Amino acid sequence: MITFTCDKCEKRLEVDDELAGQKVECPFCHDVNRVPAAAATVVARPAGSSPPSRRSAGGDGPVVDRAAPPSDRPSEMGLPPDFGPEQHVLTVHPALFRARPFRALLAWGLVVGGGVLAALVPGAGLIGGGALAAAGIVWLVVWWVTTKTIALVITNKRTTLRTGLLSRSTKEILHDRVQDIQVSQSFFDRVCRVGRIGLSSSGEAGVEIEAGDLPNPTRIREVIDAYRNV
């Protein structure tokens, strides 16, 4: 048996040796943990001799080859490892100007046009231009705040969608339960390198987590895929 501690609730868990290097669900908090590799005795041998047999850590029993853990794809990609305590990997907010360039041009047009009108035309032009510029600034500020209240947070164990400012809504899926990742991009989205991400799990019907106007959606899918059992 292999004994280890859950990364989240710190309960003591015991699993069979055959599960070394694989992922298991904690029965207490339902978090997913990677089982550490079982220890194996290493026997030195003279140069040129045939490979020695590997014996169990207990002594003279039959040869037992411990299964090596699978390759850690996230580490190979320069990401936090797919084991150990939960670590932050990536936080993505919807793109601002890149996703809506025409809206951005209109908002900045109001700011610049209103400023020019206020500067060149005295009296009514000052009032009207100031109003236009103020409307453009308010539009940009509200737009910026709205995008910052939406965040797709990826750790080495789960993906979480957080929305809201004063009130907060949170949805999350453990990576090992992600059944399908959908990336939707129109031609214009591909040019601007933005898109919509949808995640669904094996236990639920339909898309559970969905967020649009995310920058580099293909990269986001690659990061999530690195932590999935695929």
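Quick notes
- Close amide-amide hydrogen proximity is noted between I209 and L199, each under 5 Å apart and 5 or more residues distant or on a separate chain (H modeled in the peptide plane; Pro and chain starts excluded).
- Positive dipole terminus of the range 164-215, leading residue within S169, I197, P215 (C-beta point charges): P215
- In sequence order, the range 109-114 has phi-based couplings of x, 5, 5, 5, x, x Hz under the Karplus curve 6.51 cos²θ - 1.76 cosθ + 1.60, θ = phi - 60°, and Gly or Pro positions carry x.
- Computed E for E86/V116 - FRET, C-beta separation, R0 41 angstrom, nearest 0.05: 0.20
- The label-point distance for D72 and L19, in a model that sets each label 7 Å from Cα toward Cβ, rounds to 2.1 nm.
- In terms of Cα atoms, the Rg and Dmax of the range 88-181 work out to 19.7, 65 Å.
- Centroid-to-centroid, using Cα positions, the range 99-126 and the range 153-230 are 37 Å apart.
- Built amide H within the under 5 Å cut-off of L79, gap 5+: none
- Leading residue at positive end of dipole, the range 80-230 (Cβ point charges), from W139, V112, Q87: V112
- Neighbour-count order for S167, S201, S75, fewest beta carbons within 10 angstrom listed first: S167, S75, S201
- Nitroxide proxy distance, nm - points 7 Å out along Cα→Cβ at T147 and R12: 5.2 nm
Just so you know, all these numbers are worked out from the coordinates, no wet-lab data involved. Keep in mind that what you see is a predicted model, and the values were worked out from it rather than measured. Note that each Cβ is placed from the backbone with ideal geometry, even for glycine, and that neighbours are counted across all protein chains shown.
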